Structure formats: C-alpha cells, structure tokens
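Participant: I am attaching a structure below and will ask some questions about it afterwards.
The values are calculated or read from the model by the stated rules, or taken from the named source; none is laboratory data. Keep in mind that this is a model prediction, so the values were computed, not measured. So basically every Cβ, Gly included, is an ideal-geometry build from the backbone, and we count neighbours across all protein chains shown.
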C-alpha cells in the first residue's frame, strides 16, 4: 500500500512539473536563466545559373579554305555569344532571429528533457525517437584532367620550315594544305598497315594515331577557324519574399550575366508565390494560450524564373516562414518531436 502511494506521488510531481512548461518569446522574457532558448527555422534560397560562352575565331588562312580544301563552312569573323544553359534551386535552413523562444518550467521542472540541434532548433521534448537525418545530399564534382598528353604538347609545332620561309600568305596556306593531306595519307597507311615502320606495340600505335589526329585538327583550324566554349556558374543567395516578383539578374547575348541594375541586358525575373493551404490542414487550436510549445505549420511555395514571357524554370519548395505559428498547450502532450528543418510537429504523445 505504501509503495502504491509513493508511486502515485512521484507521478503527480512529474505531471505537475510538466504542466508548468511555459514558452514565451525571447524578447519578452524577463528571466532567461531558468529556461532553454530555441529558434524556429526559416528557409533561404540558393539559385545557380549555368551559362556558356561560345567564342569563334577565324583561322589564319580562312580566305583560302575553299580554294585549297574545298571547305565552305569556315569562320570569317570574330564573334562571341552567351547562353543560359540552365538553373538549379536548392534551399538552406537558418535560424529565424525573429522567432526565438524561451522554454521554462519553474522551480519544479527537473524531469523535463529538451533536445536541441547544434544550430539551436528544437528537436524534441521528453522524446525517445531516433534522430532523423535531415541533411541533404551534397553533389561531389569530380575534376576531369583535360591537360594535354606529352605527345599533344604545344611544342609539337605545325609550322614547317618551308611554311615559315614562304614569301606570301597564299604560299603558306598552300603548304599547310599539302601538309594536311600528307598527314591524312600517313594515317590511312598506318591504319591499313602499309607502312614499313609501323609501331610494334598497341600503346605506341595509339600515341602515333593520337598525334596525327591532333595535327590534322590543328591544320584544319588554320582554315576553318576555332570555336571554344567556356562554362560559368553564377550563384545567388536570398531570402524568399511571399508573393513577390523581382529582377534576379540581367542577361545579354554579347556580355553574358549582368547585375540586375545594369540596363545593358534583358531582365530575368524571380517570382515566388505561396500556394493555398487545404482547409483540413488548418484544423488546429488557434486559441491555445502561450503555455506549452510554439511551432510552425510550414507552407508550400512555387518559384518561377521567367524572362517576362516564358517560364524558364519552376520548382515547388517548402518555406516555413510563409506558414503559421501556433502553440500546443502543455496539457495536450507528454512528449513531442519537431522537424528541425521546418519547425513542424512530427510526433505528439499525449
């Protein structure tokens, strides 16, 4: 009988202690020494814009391309143009300084277990649920070694002695064309094994073919010209604003990505629209007194990137700060778990 009474007394103390749980905004708290501070999370956007620069340069002998090689699609003028290849959108969670709260339980709150993340987000109260891994996948970019091989070095000059001693551009072009045909004949003989001194092993054979191909391309560029592509990524980090439309950047076909205030390019807009919430999702206790726990009901939003006419990119995301902040009375739960990424309720134990 005494043991039963003692157990009942201990249970009453624990419930009484938990019932004293009080959550209030940190800015209005008068005694922060007797509580634990947590912050609700908010989302910021990271937008990556992938661009490509295409540069065309005429060859030294472009005016002789048709005459000596019969090439008609050669580059005649210097040109440069830019393209937007694509967009990527990712989100990052940071603490919301305007939504910081103090949890306190008074002098008798010794049985309360509060679990915070290293960032200061509330994970659980009296929770024994296994932690959830909320980390997003990190893309690992592997650098590809495109450096030329030893037999592809710049030192392998394509200008012969006769070409350098020629007294006119026309003669130099003719010698270069002849050298190109010689390279092609040599490669053909090598492939058909008609050379007396063909490489004896596969590796040497591969090196010789690679060098012949390199030299052929180098001579062709003297007539056809050269086209190079350079890729570049621009990153923009910003906090989303509800139902907003603003210039993200400006873009020029001849200058590429420009600052949004530079009128030398056409505007690229960022539009953010909060999506409507279903009626059943709002069936929560809005009249709950601030004696318990503050949490978020996160909202969804759609992010559009447009040029003013066409949608270039669209993605739906979760934006916690667009949602509602509600409180859960301490009398309605004995343990609770929150999502550190959104501040939403995940599990409630009564």
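Participant: Just give me the residues in the range 144-172 being closer than 29 Å to residue 206 by Cα, part of a helix (DSSP H, G or I) and either in contact with a helix residue (DSSP H, G or I) (Cβ under 8 Å, 6 or more places away or on another chain) or modelled with pLDDT under 50 (or both), in sequence order.
Facilitator: Correct list: 150, 151, 152, 162, 163.
Participant: Which of the residues belonging to the range 96-123 are modelled with pLDDT under 85 and outside any loop (DSSP other than H, G, I, E, B)?
Facilitator: Hits for the range 96-123 are 103, 104, 106, 107, 108, 114.
Participant: So residue 129 clears everything in (1) within 43 Å of the chain's Cα centre (by Cα); (2) modelled with pLDDT under 85; (3) under 28 Å from residue 24 (Cα atoms); (4) loosely packed, with under 14 Cβ neighbours inside 10 Å except one condition, right? Which one?
Facilitator: (4)
Participant: Name the single residue that is farthest from residue 159 (Cα to Cα) among those in the range 180-208 being modelled with pLDDT of 80 or more and in contact with a helix residue (DSSP H, G or I) (Cβ under 6 Å, 6 or more places away or on another chain).
Facilitator: Checked the range 180-208; the qualifying residue farthest from residue 159 (Cα to Cα) is 207.
Participant: Then there's this: Select from the range 314-340 the residues that are buried (at least 20 other Cβ atoms within 10 Å of the Cβ) and either part of a loop (DSSP other than H, G, I, E, B) or at positive phi (or both) and list them in ascending order.
Facilitator: If the condition is that a residue be buried (at least 20 other Cβ atoms within 10 Å of the Cβ) and either part of a loop (DSSP other than H, G, I, E, B) or at positive phi (or both), then 339, 340 are the ones that fit.
Participant: Determine which single condition residue 187 fails, assuming it passes every other condition in (1) surrounded by fewer than 12 Cβ atoms within 10 Å (Cβ to Cβ); (2) not in a strand (DSSP E or B).
Facilitator: The single condition residue 187 does not satisfy is (1).
Participant: Any residue in the range 245-261 that is closer than 26 Å to residue 76 by Cβ, in a strand (DSSP E or B), within 41 Å of the chain's Cα centre (by Cα) and at pLDDT 90 or above?
Facilitator: Looking for residues that are closer than 26 Å to residue 76 by Cβ, in a strand (DSSP E or B), within 41 Å of the chain's Cα centre (by Cα) and at pLDDT 90 or above, one finds at least one in the range 245-261, hence yes.
Participant: Follow-up question, since we're still on this one. What single numbered condition from (1) surrounded by 16 or more Cβ atoms within 10 Å (Cβ to Cβ); (2) at negative phi; (3) modelled with pLDDT under 90 fails to hold for residue 93?
Facilitator: Of the numbered conditions (1) surrounded by 16 or more Cβ atoms within 10 Å (Cβ to Cβ); (2) at negative phi; (3) modelled with pLDDT under 90, the odd one out for residue 93 is (3).
Participant: Taking only the range 54-67 into account, find how many residues are loosely packed, with under 15 Cβ neighbours inside 10 Å and in a strand (DSSP E or B).
Facilitator: Adding up the residues that qualify gives 2.
Participant: Can I ask one more? Given the options 281, 301, 288, name the one that is in a strand (DSSP E or B) and either at pLDDT below 95 or out of contact with any helix residue (DSSP H, G or I) (no Cβ under 6 Å at 6 or more places or on another chain) (or both).
Facilitator: 301
Participant: For the range 204-235, which residues satisfy the criterion of being more than 20 Å from residue 56 (Cα to Cα) and touching a strand residue (DSSP E or B) at 6+ places or on another chain (Cβ under 6 Å)?
Facilitator: 233, 234, 235, listed by residue number.
Participant: Turning to a different aspect of this structure: Can you confirm whether residue 293 is at pLDDT below 90, surrounded by fewer than 20 Cβ atoms within 10 Å (Cβ to Cβ) and over 26 Å from the mean Cα position of the chain (by Cα)?
Facilitator: The answer is no for residue 293.
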